[in-house]
Amino acid sequence: MRQITESQYQLALRRVEELLPEVSEDMSPDDPKAVELAMMSDIVIDYEESHYPIEKPTVAELIKDGLKEMNLTQKDLAKELGISTTRVNDFTTGRAEPSLSVAGSICRILKISPAAMMRM
């Protein structure tokens with residue numbers, strides 16, 4: 001697929017905004033407006049992925065977010081893992097990364113996807 005320009009992207013984005021209120025879930029996927037919305041959306045998504053990529057979170061960010069989400073402290077996690085709070089702090093500050101087995105336990109405790117932890 002060829003690269004689109006910024007002005008083409010802006011045009012596609014405006015068209016998506018125009019079509020959204022006109023297309024409903026109960027419409028046939030073959031309806032011309034539904035087809036056009038899908039095509040314009042694909043153009044917008046491709047452009048944004050190419051020009052505005054979203055960085056994957058670091059292991060430290062995943063652990064910090066997981067602790068917050070599970071309402072746990074570093075001390076709580078350290079106790080669950082059977083390691084020191086200092087070691088958990090090393091993980092949350094990015095000074096160190098957990099071993100594979102510890103990472104697996106962190107994923108289980110904090111309900112983090114192993115793929116995310118492996119930055120896939």
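The values are calculated or read from the model by the stated rules, or taken from the named source; none is laboratory data. The structure presented is a predicted model; accordingly, all values stated were derived computationally and were not measured. Counting neighbours? That spans all protein chains shown, and the Cβs are built from the backbone with ideal geometry, glycine included. Side chains included, ligands, DNA and RNA excluded: accessible areas come from the protein's heavy atoms. Shrake-Rupley method; radii C 1.70, N 1.55, O 1.52, S 1.80 Å.
Would you kindly state the longest site-free stretch of the chain, with sites defined as GluC sites (Glu not before Pro) in a DSSP loop (not H, G, I, E, B) surrounded by at most 12 other Cβ atoms within 10 Å? Before the final figure, lay out the partial values.
Details: sites that count: Glu25, Glu55.
Result for the longest clean stretch: 56-120.
Only one of the values (i) 143; (ii) 90; (iii) 169 was calculated from this structure for volume of the Cα convex hull per residue in Å³; name its label.
Among (i) 143; (ii) 90; (iii) 169, the one derived from this structure is (iii).
Evaluate the relative contact order of the chain (contact order divided by residue number), counting alpha-carbon pairs under 8 angstrom at least 6 apart; express in whole percent. Working shown, then result.
On the way: 88 pairs, mean separation 26.0, N = 120.
About 22 percent, as a whole number.
Can you give the calculated 222 nm mean residue ellipticity of the chain, where each DSSP H run of n ≥ 4 adds -39,500 (n - 2.57) and the sum is split over every residue, rounded to the nearest 500 deg cm²/dmol?
Working: 7 runs with 78 residues, N = 120.
Dividing the helical sum by the residues of the chain leaves -20000 deg cm²/dmol.
Could you look at the chain and say what percent of its accessible area is carbon and sulfur, using a 1.4 Å probe and all protein chains?
Working: 4620 of 8440 Å².
That share works out to 55 percent.
Taking a cut-off of 23 Å between Cα atoms, list the lysines near Lys79, but don't count ones fewer than 8 places away on the same chain.
Result set, ordered by chain and number: Lys64, Lys68, Lys111.
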